[in-house]
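Asker: So that we are looking at the same thing, I have put the structure below in structure tokens.
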Amino acid sequence: MTVVGVDGCKAGWIAVRRDPGAAPSAAVFASFAALLDALPADATVAVDMPIGLPDVSQKGGRGPEALVRPLLGNRQSSVFAIPSRAALYAHTDGFTTIEAWHAAHRQASEVAKASSDPPRGVSIQAFGIFAKIREIDAVLIARPELRRRVFESHPEVALCRLNGDQAMRLPKKIKGAVNPAGMAERKALLCRHGYVRGFLDRTPPRGAAADDFLDAAAMMLIAGRIASGEARPFPDPPLADRFGIPVAIWA
């Protein structure tokens, strides 16, 4: 079975793919739908993006976030709470100015506060991926059959599980810049799970950053674990949003 790890990137989505009997490959796609259309019908996909949106955001997130954070120690800040569906869809237009961006962020925060308990706004980090969350959400609403093939994961949770339930010691980034030592720690772990170092050291496809590429590579291993029945969902069994989309972080 083809297994695919996916992460968002500047140009859209980066996918690391392994077909039966073949070496991994990497490519960037402009949309999540285009990525899925390029895959075999039975491919298993693990993606670093929240899937399944709450109507009301509770303290700590949707549920999966609170379960995985304790596993991560100093890395738990990488798992942030997802606001309500209404906040995600409060502003769906494109942005032509930085002022419009900040205005949309403020609007989403106000909607998030009104649909969370206790009231909580939206971080600028979370707001930055709203469009990508909506993109996956739209695909899974329109094509329910994909819910058996497309699974949410998280790089730091994935690496922790691949490392015998021990979180990574070093951060992947420091003050927004890639941390070479943290990247090397992650590459060494991925190589212990079958990657060739030369593949991980290659220049990522155009439109994706080095950390996006590495995260997608980790997601591919989780897709393999899901396909083989080794992966575990947090929570187990998964929850579901009001559209019936499963809500769980797999690793």
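Asker: With springs only between Cα atoms under 10 Å, which of R192, R69, R232 fluctuates most in a Gaussian network model of the chain?
Answerer: It is R192.
Asker: Taking R0 as 45 Å, what's the FRET efficiency between A22 and N74 from their Cβ-Cβ distance, rounded to 0.05? List each step's numbers first, then the result.
Answerer: Values: r = 37 Å, r/R0 = 0.81.
Once the sixth-power term is evaluated, E becomes 0.75.
Asker: Can I ask one more? Quickly estimate the mean residue ellipticity at 222 nm for the chain, helices only: each DSSP H run with n ≥ 4 gives -39500 (n - 2.57), and the total goes over all residues, rounded to 500. Walk me through the intermediate numbers first.
Answerer: Values: 10 runs with 94 residues, N = 251.
Here the helix-only value at 222 nm equals -10500 deg cm²/dmol.
Asker: Another question, if that's okay. So with the 1.4 Å probe, I'd like the accessible area per residue for region 1-81, rounded to whole Å².
Answerer: Working: 3280 Å² over 81 residues.
Result: 40 Å² per residue.
Asker: Where in the chain are the helices, taken as whole DSSP H runs, whose Cα atoms extend 15 angstrom or more along the long axis and whose Kyte-Doolittle mean reaches at least -0.5? Before the final figure, lay out each step's value.
Answerer: Working: long enough: 98-114 (24 Å, -0.44); 130-142 (18 Å, 1.10); 180-192 (18 Å, -0.08); 210-228 (28 Å, 0.94).
What comes out of the filter, once short or polar helices are dropped, is 98-114, 130-142, 180-192, 210-228.
Asker: I would also like to ask the following. Got a number for carbon plus sulfur as a percent of region 1-132's accessible area, 1.4 Å probe? Don't skip to the end; give the middle numbers.
Answerer: Values: 3380 of 6090 Å².
After summing per-atom areas, the C and S share lands at 55 percent.
Asker: Shifting gears a bit: Rounded to the nearest 0.05, what FRET efficiency do A131 and I174 give with R0 = 22 Å and r taken as the Cβ-Cβ distance? Could you check? Can you show the working numbers first?
Answerer: Numbers: r = 26 Å, r/R0 = 1.20.
E between A131 and I174, to the nearest 0.05, is 0.25.
Asker: Okay, next question. Expressed in whole Å with the largest first, what are the equivalent ellipsoid semi-axes of the chain derived from the C-alpha gyration tensor as the square root of 5 times each eigenvalue?
Answerer: Values: eigenvalues 149, 79, 73 Å².
Equivalent-ellipsoid dimensions as semi-axes: 27, 20, 19 Å.
Asker: Roughly how many nanometres apart are two label points built 7 Å out from the Cα toward the Cβ at D236 and A30?
Answerer: Once both label points are built, they end up 4.2 nm from each other.
Asker: I want to make sure I understand the PRE zone here: with the label point 7 angstrom from the Cα of H102 toward its beta carbon, which residues in region 123-153 have backbone N atoms less than 14 Å away?
Answerer: Of the residues in region 123-153, 124 have backbone N under 14 Å from the label point off H102.
Asker: So if R0 is 25 Å, what FRET efficiency would T92 and A41 give, r being the distance between their Cβ atoms, rounded to the nearest 0.05? It would help to have the intermediate numbers written out before the result.
Answerer: Working: r = 30 Å, r/R0 = 1.19.
Working from the Cβ atoms, E equals 0.25.
Asker: Reported to two decimal places, what Rg/Rh ratio describes region 24-84 when computed on Cα atoms with Rh from the Kirkwood expression? The partial results should precede the final answer.
Answerer: Details: Rg = 15.3 Å, Rh = 14.2 Å.
Across region 24-84, the Cα-based Rg/Rh ratio is 1.08.
The values are calculated or read from the model by the stated rules, or taken from the named source; none is laboratory data. Treat the numbers as computed from the prediction; the structure is a model and nothing was measured. A quick note on method: Cβ atoms are made from the backbone with ideal geometry, for glycine too, and the neighbour counts reach across all protein chains shown. For accessibility, only protein heavy atoms count, side chains too; no ligands or nucleic acids. Shrake-Rupley method; radii C 1.70, N 1.55, O 1.52, S 1.80 Å.
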